[in-house]
1. Using a simple spin-label model with points 7 Å from Cα along the Cα→Cβ vector, what separation in nm is obtained for residue 58 and residue 90?
2. As an exercise, take the mean of 1/r over every pair of distinct alpha carbons in region 23-76, invert it, and state the Kirkwood radius in angstroms.
3. Where does the chain land at 222 nm, in deg cm²/dmol rounded to the nearest 500, when only DSSP H runs of n ≥ 4 count, each adding -39500 (n - 2.57), divided by all residues?
4. What's the center-to-center distance, using Cα atoms, between region 87-102 and region 11-55 in Å?
5. Mind sorting 19, 35 by how few other Cβ atoms lie within 10 Å of their own Cβ, fewest first?
6. With a Förster radius of 22 Å, plug the Cβ-Cβ distance of residue 40 and residue 67 into 1/(1 + (r/R0)^6) and report the FRET value to the nearest 0.05.
7. Out of these labelled values of mean projected area of the Cα convex hull in nm², [x] 7.2; [y] 6.8; [z] 8.5, which was calculated from the coordinates shown here?
8. To the nearest 10 degrees, how steeply does helix 62-73 sit against the main Cα axis of the chain, on a 0 to 90 scale?
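No value in this document is a laboratory result; all are computed from the given coordinates. In this text, all values refer to a predicted model and were calculated from it rather than measured experimentally. Quick reminder, even Gly has a Cβ in these numbers, built from the backbone with ideal geometry, and neighbours come from all protein chains shown.
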Amino acid sequence: MTQPLQRFMKPVQEGISYIKKGEYDKGLETMAPFIGMLEQADHLPIQIFYYYAVAQFKTGQIEPFMSSYEKIKQQTAANEAEEKMKTDLDKWFEALLKGLNDV
């Protein structure tokens, strides 16, 4: 990985680390500046957006979660891990819809 790419990815990796530890707000804050740049690409990295979407869901950011979910659904998984992430988000989305219908 080139040095500029490493500098770019460091905050993203830190944000994912925060999210994995349950520090969702801190993870979102750390990753937010880079998500906007990544969204402009034709191919979004599923692994990065998966963690971002999870943090959005966990912090109650429903509309942003739904937007991230739709963007991820449009991507083709490159491997089994990415396919599992997409499937996991399907379950989160279904739980959200069920919760909205129960209100």
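1. Those two pseudo-labels are separated by 2.3 nm.
2. The Cα-based Kirkwood calculation yields 11.0 Å.
3. When only DSSP H runs of four or more count, the value is -26000 deg cm²/dmol.
4. 21 Å
5. 35, 19
6. 0.95
7. The value matching this structure is [y].
8. With both axes taken from Cα atoms, the answer is about 70 degrees.
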